[in-house]
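Just below is one structure, and these are the notes that go with it.
Where a number appears in this text, it was derived from the coordinates with a stated rule and is not lab data. Since we're looking at a predicted model, the values are computed, not measured. Virtual Cβ from ideal backbone geometry, glycine too; neighbours counted across all protein chains shown.
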Amino acid sequence: MKKTLKYLSFDLLITVLTVFGVANYANATALTWSADYTIDLSAPDVNLTIISGSSATSLIVGTENIQVIVPEGITFTVTSVSRGLNVIGDTTSGISNTCSNANVATVVIIGGDAGETITVAPTTSACEEGGGGGGGGGSSTSATTTPITTLTTTPTTPTATLAYNFGTTVLKNGSTGEAVKELQRFLNATMNLGLVVDGMFGPHTTTVMKQWQTAHNLVSDGLVGLMTKAAMLASLGAVAPVITPAVTASYNFGTTVLKNGSTGEAVKELQRFLNATMNLGLVVDGMFGPHTTTVMKQWQTAHNLVSDGLVGLMTKAAMLASLQ
């Protein structure tokens, strides 16, 4: 099945936060979908669609299911047109699991107060009207429950969308598997050089990967590590969750581009980061002035980024990636 990509404006560094398991902010909405997005599971080969307006703290996409954490009072809705849906896990979240008259399975989750991980998985058969969306463990409900579709809290974070799952390990010549297939699909979509999507990272994939790295001002070594993965996903303005351990974020650089003249908590976070990594004695005053600009440019130069002192999506991605 073909993945559906939505090219959306995305200036928040949730790209790396979720992609690499860097951060999940407790009781905060980290992901918001402004358009329907299709997830292609592989075992079974089933499409799930996240409905526009859904929000979550984190989302993990596996081969057989998705796992989502929904903040208290926030709504997350997912549908399937080819299979029923199971909801798994004991949770205080409100859950509705129904089938429509078009045999579309719909799960609506209203986040509870404990930040539970809720698993949604396709059943072995299509749903039937009146038969529920597939049941499940925990507090999943029957078809008679009225879905709750109104957000009780308005998310204020930028829009996020999913793209590719490049896995958790460095991809390189000789690597194989689904993550390599995802890489090859990405390169075909962005470079259009006719890679065979066979999951084999060989000389042709290496050559195309190096071309992509060169075009995006990265070290052209053909190694697809944390920095390259961040850059690839940032180029789409996308979020692609992978199965990784949750790691507490060290810094929150905010949602806007930071630059000379910026002020506030995000600037303080930036100054703390630069003090920890450059050790040049910035005053943590939340004022992005000439000294902060100079140190920021030094950091960018040291990490092969454009040394302009502007802290946008790519620089934020690189800073958080450097902590791993």
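A few points about this structure:
- Of 268/297; 181/229; 229/268; 229/316; 172/316; 268/316, those spanning more than 21 Å from alpha-carbon to alpha-carbon: 229/268; 172/316
- Exposure proxy for 109, 74: other Cβ atoms within 10 Å of each Cβ, ordered fewest to most, give 74, 109.
- Remark: spin-label model distance residue 287-residue 257 equals 2.4 nm, labels positioned 7 Å along the Cα→Cβ axis.
- Normalised Debye scattering of segment 265-321 at q = 0.14, 0.21 Å⁻¹ gives log10 I(q)/I(0) of -0.30, -0.71, counting only Cα atoms as equal scatterers and leaving out solvent.
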